[in-house]
Every structure is written in C-alpha cells, then in structure tokens.
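Worksheet for the structure shown next.
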Amino acid sequence: MADTLAAQWWRAYPREEAEPDPGRFELGLCMAGAISAGAYTAGVLDFLIEALDGFEAENARLGASGPLHHVTVKVLGGASAGGMCAAIAGLFLDRRFRPVRSLADAEAQRENPLWQAWVEMIDIDQLLRADDLPEGAPIRSALDCTVLDRIVDTTIARVATLPPVRRPWLADPVRVILTLANLRGVPYALRFSGREGATSHFMWSHADSVCFTVAADAAASATAAPATRPGEVAVERGDLAQGAFVGDLFRAAALGTGAFPVALRPREVTRLRDDYAYRALLTPAGAFGDAPPENPALGLPDWPAEMDERYRMLVLDGGAMNNEPLDLVRRALAGWGGRNLREGERANRAVLMVDPFVEPGLPGPDHETGLHATLLPLFDALVREARFKPEDLALAADPDVYSRFLIAPSRGGDWSGKSAIAGGYLGGFMGFFSRAYRAHDFLLGRRNCQSFLRKYFVLPEGNPLFSTPGWTEEARVRFGILPRGDTRRHLPIVPLCSSAEGLDLGAPEAAPEPTWPAGAFRAADVKTRIEERVAAVTAQVDATILTPRFRKGAEAFVGRMVGEKIAEQAWPLRVLANAFRKRIDEIALRALERAWASALRVPGETAGKAASDAIAKAVAELDRATPRPR
C-alpha cells in the first residue's frame, strides 16, 4: 500500500480499538462546560486521583495473592471550564501533589495545582481590573482576562516544581481533547459531479477540537497507548516554553476553550493545516472502511490555493458548539466506528462525565413577540442545535447502560444540580465572586466523587473484570453493594481503599461535606469595582474612536453642514457663517463629541446597574438557600 496521507490516517485510526486485556477497565473522562463551577470539576478530579492512587497501592499490597483488577485512564476531554480542567490534569497527573481534604490544610492548598488554579488564583477583583486596556488597544472582552494568562503561565511553570510519580493507572501518553468554537471555520466542498473543479456546494465546519498527547516524564506505565496520530499534537514538558509552537498552541487552546463569549477574550490559535486532513471521515458515517478511500481528495478540506501550511483561527468557548464532548471521548476509547460494551456483565470501558449543570433549561418562545424578541432565542437555538448529538441520544435509549456514568452536584434531597453549588448561581459566574464559594464547590466535588465511586461506579460481580484471584469472597463482601432496584451484588470499578497516609478513602473525614457558604460575600462590595470597569471600558472606546482621524472627519462634516446647508439659505446667514465659521465649527464639534460620550455612557451605566442588581439578587438567593447538613 502506498504510504499516502490518506493511508497514514487510515492506519492510525482503526474503526475499532482493541479490547482491553482481561482484568483491566479503560476510562475516559468527559468534563462539561462549567464557567466558575470548574472548581467543582477540579474537586472531583482531586478525589478521583487520590482514589486511583489508593486502589493501586492496595493492589501492590496484595502482592503474590494477585491484584483486584486494573483501571487505565486513557482520555481527558472537556469543554470550556471542563476543558481547562482537562488541560491542567493532563500536565499534572504524573506529578505528586497532596489532595485538599479540608479548608484547614493550607500546605496541601499551596501544593495542589487544581486548588490553586480554581480556588486561589481566579477572582472577580482581578477580572474587573483594567490591565487589558493599554492606551490605544481595542477592547477584547467585557472582563479583564490578563489574570487568565497569568494562571496558565504559572500553572505550566509549576510542573517543574513537583516531583514525577509513576501512576500505573495513567496511560502514557494520555490524550487531552479540548473543544473549540472556531470562528474562522474549515471549508468543505460538496462536488455534485464528482470532478474536481466542477460546480460545488460549500459548507463550513466551526465545531472544532484539538487533541494533545501528553507523555509522562515518569517511567512507562503498565499500558502503552498508541503513538501520536496524524491530527494530534504531541506535548512534552520542554515544548511548553512561550514562543514554541506547541507551547503557544497549548496555551491558546486551554484559554480558548474557556473563552465565554463577550465576557472573556477570544484567542488566536495556530495549527498545522494537515491536522484537519481526514478528520471529517472519522465518524461512523465516514468513508474510511477496510481500506483508505480510493479518491485521496475525498474528505479533505477545500483550502484556498494560497493557504499556508499553518492555519490560524480565532476561537471562543468550546461549549458554544460542543459542551459535553461525549462523542470525542467515546471515539478515542472505542474507535471512530466502534462502541463500548454496555451490558453490565460485559462492560470493560466507560465514559465518565462530570457536569455541574445538568438541568434542561427553559424552552424557547412558542408565540410571536416581535422582531427584537427573536434575536436572543435564535442565538440560544443555534447553540443548542450545535450541541445536539443524535448518535449519543440513540446510545442512551437503553437505561441499563454500564458504559457511561455521570457525576453531578448533590447535597442530598432536593439539593442537586446547580442549586447545590455556589457557582451555579448567576448563570454559572457566581463562583468568581468569593473564595468561599469556590472552596465549597471544590470540596463538594470531592465529596460527590467519593459517594459516586462507592455507590454508582459499579458493575455486576459477574463481570469478567472481577474474575482475578484478588477478588476473594472477603473482598467481595468488603466492597460489594446492592444497588437500589437490583438484587445482584455489584462491585466497584475503583474500590475506595486506603490513601498513602493510611486514611480510609471511604470514611467521612476523607471527603467531609462542606458548610454552605451563606453570608460569605456582600454584593455591595463589588458595586464600585463594576462601576470602575464600566468607566474604564467606556473611556477606552472613547479614546480609540475619537482619534485625530475621527475628529478630522467630524470637522469636515460640520464644515459641509455650515458652509453648504446653512449658508446657502440666505445671504445674511452666509455672511454670519463666514464671519463666525471657526467658532461655529468648534461649538458643533463639541456638541457632537458630547452626544457621542452620552451615547457611550448611558448604555454603560445601564449595563453596570443591571449587573449589580443581578449580583445582589443572586447573593440573596444563595444566602436564603442554606441547605441543612445531612
């Protein structure tokens, strides 16, 4: 077979991935968009890492009697805040750091990269600064995003400060998939006659993603993932320096996946054009089959003839088009045409989704309300349709599925979903307003992950995963549960064992329920900062638009109005206009500037007041919603 580009892609992406070895369970993490509730997702990750470490330590302790079984984390996928969590985890999963179990453990908080990025380093005080508004610069976002750049740079720099650790449960390399909303788009031509150059129908793909393969510095893990494939980007620690192609791409993608429209700054991402070569064919309906496509042009993007080998795009929040990338994580596990076994007695792979916002939302309008009232619903409809995945809906039709699991916020009873986390208020932005909010959500994420691993992340004990010698009757009694509505005993995929310090990870002290952070923040404390940010943005618009060029054009306009429209009415006006021409021009120009300033100030003040009122309302709701401890 000729080693064409199509053949390289065909070999690298099999229709079905090889099944894991007996006694091994493969796992892909899918982290949904979360905005400030990324702190919750980070807490889930923190406990999951600790639990997997404890499980492998238990396997090592069993020694000659044989391990229970093995788990391999192969894929970390995410969108928006979930994508940023995936990027951080991809860099630190082969590093040793202490879990944060409580508010009192200051040393662990300083050491833990997930806590630092999502609890300590991000805050509304910095998002309302004006460091992003140097003189003459355009306004890129409603909030100051320079703090996000500092967080990413600081987080990457921290990699070298933590010792490497061999984690047998981590694939090497691990795949990190980040979704992006590509505003430039990738062009495709649908050729009706089948001949190149014939009349075509053009389409654009904007739901984008980038897949990084992150190699571990530590010794090779027990399993080896396939080498980096075409279309993927290999990351080694030395590649992450600023100015390096891979380093700049990783930073831009990590920031771009979380660039919430309008609020946060979009990012410029530069990739290799060939990364998109046959991506469109890697779907169950694609043209890859038992051999590469006979026509090598089939599935290729229809790039312009002058297209450079590097493709630059402007990207926004990946959640705008793919907020829960189940499809991408599943294909990375099973292959583009494969499927994960779903029956409880056979399942050997699963996608685990972390989603802080599981509510369905409100439907759109059902009657005519006027032109202006259809604009926002149209935007919402476009976003929802871009996120809709019929193939995932079909796979979820059977409720008895053991190949996909979900962790969502819960404090028991009716306290579930976004109402159970502080970051769920104010449309997901509330967590940015107080460290206490973010700390609560992080610790609740740990608590929910502990409960999930013990009660829900289980398989029937007849599954071959539990046929190893380590699963004695004593172990089955120790870890087994009877799920609600099922008479079969189930065993955990990740048993809760003891941590490195000997702490029982199933005990309450390993993940205590945090106190609800009522009263931790006063809306009045941020009102002045909002006014200052609005004033800075308004002044920047004024400075970048009322330039000498604008003034020259305005003077010409005023001159024409005075000289041609007023003076032509009658000779007395012409005489007066000529006599006082300069003074009239000055008065008219100042009036025009005052009108422009008012046009800027009024909407800004209105938006600032609306923001302050919305924050005050959300804080009041959060304080009133104090749940009772269980």
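Report in % the part of the accessible area of region 405-537 that belongs to carbon and sulfur, leaving out ligands and nucleic acids; probe 1.4 Å.
Carbon and sulfur: 54 percent of the exposed surface of region 405-537.
Could you tell me which residue out of 124, 77, 104 lies farthest along the dipole of region 1-153 toward its positive end? Charges go on the beta carbon: Lys and Arg +1, Asp and Glu -1, centred on the Cα centre.
Checking the options against the dipole of region 1-153, the answer is 77.
For residue 535 and residue 345, calculate 0.36 nm times their separation in residues minus their Cα-Cα distance, and state this gained length in nm to one decimal.
62.2 nm
Compute the separation of the alpha-carbon centres of region 511-541 and region 415-469 and state it in Å as a whole number.
26
Can you give the FRET efficiency to the nearest 0.05 for residue 11 and residue 242, using r as the Cβ-Cβ distance and R₀ = 30 Å?
About 0.30, to the nearest 0.05.
Determine by what factor the alpha-carbon radius of gyration of region 35-131 differs from 2.2 N^0.38 Å, reporting the quotient.
Against the compact-globule rule of thumb, the ratio is 1.29.
If R₀ is 30 angstrom, what is the calculated FRET efficiency for the pair residue 621 and residue 153, using the beta carbon separation as r and rounding to 0.05?
The value I calculate is 0.25.
Write out the trypsin sites (Lys or Arg not before Pro) in region 482-519 meeting two conditions: DSSP loop, and at most 14 other Cβ atoms within 10 Å of their Cβ.
Filter output for region 482-519: 484, 488.
Hey, what did region 273-358 get for relative contact order, percent, Cα under 8 Å, at least 6 apart?
Result for region 273-358 is 25 percent.
Round to a whole angstrom and tell me the spacing of the C-alpha centers of region 70-136 and region 1-45.
One Cα centre to the other: 22 Å.
Just add up the charged neighbours of residue 418: K/R +1, D/E -1, any other residue whose Cβ is under 11 Å from the Cβ of residue 418.
So the surrounding residues net to -3.
The values are calculated or read from the model by the stated rules, or taken from the named source; none is laboratory data. In this text the structure is predicted, and so the values were computed from the model without any measurement. Cβ: placed from backbone, ideal geometry, glycine included. Neighbour counts: every protein chain shown. Surface areas here come from the heavy atoms of the whole protein model, side chains and all, with no ligands, DNA or RNA. Shrake-Rupley method; radii C 1.70, N 1.55, O 1.52, S 1.80 Å.
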